[in-house]
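The values are calculated or read from the model by the stated rules, or taken from the named source; none is laboratory data. Just so it is clear, the structure is predicted and the values come from calculations on it, not from any experiment. Cβ atoms come from the backbone with ideal geometry, glycine included; neighbour counts cover every protein chain shown. Accessible surface is based on the protein model in full, side chains and every heavy atom, while ligands, DNA and RNA are left aside. Shrake-Rupley method; radii C 1.70, N 1.55, O 1.52, S 1.80 Å.
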Amino acid sequence: MKKVMMILAIVLIYSCSFAGTPPKAVSDAFMKKFNAATKVSWGKEGPKEWEAEFTLNGEKISANFNQDGTWLETEQEINAANLPAEVLSNVKMKYAAWKIVEADKTETAKHGTIYEVDLKKGLKSKSLAFKADGTEVKE
């Protein structure tokens, strides 16, 4: 049992030590897109996806890239009051009993600009995405 635990510990340490260093293609693509970024930290979002968390113009932002450097999305938390009026209206109409706990503006390669809303009602939670016109997006 000690051997198994030791092997697991080594694997964990090894994987964590390299989790913060993206492939050159990813870091190059990031620098091309966000050359003024500061306080950049990297993590793995999946087996072939990297996420950078950084500050740009005083705002905290995250961006995701495939391991080949292809940009996937950029996300920024916003105040729920800053959601487009159509999005707020749709949420209030369909989820009147739910509370908005977080809102994000996300630029995606797949959907363009979308607004993500995290809702909570008691112990239940829900995440939804909308286009600026209030149309719900299935991700």
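So here's what we get for this one:
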{"item": "Mean residue ellipticity (222 nm) of the chain, computed from DSSP H runs ≥ 4 via -39,500 (n - 2.57), nearest 500", "result": "-8500 deg cm²/dmol"}
{"item": "Most to least accessible of V101, V40, V137 (protein chains only, probe 1.4 Å)", "result": "V101, V40, V137"}
{"item": "Ranked order, S62, S127 - accessible area, probe 1.4 Å, largest first", "result": "S127, S62"}
{"item": "Rounded to the nearest 10 Å², the accessible area of W98 at probe 1.4 Å", "result": "50"}
{"item": "Heavy-atom accessible area order for M93, M31, largest first, 1.4 Å probe", "result": "M93, M31"}
{"item": "Inter-site label distance for N57 and A96 at 7 Å from Cα along Cβ, in nm", "result": "3.8"}
{"item": "Accessible area of E86 in the full protein assembly, 1.4 Å probe (Å², nearest 10)", "result": "100"}
{"item": "Accessible solvent surface per residue of the chain, calculated while the other protein chains remain in place, 1.4 angstrom probe, Å²", "result": "67"}
{"item": "Percent RCO, i.e. relative contact order, over the chain, from Cα pairs under 8 Å lying at least 6 residues apart", "result": "15"}
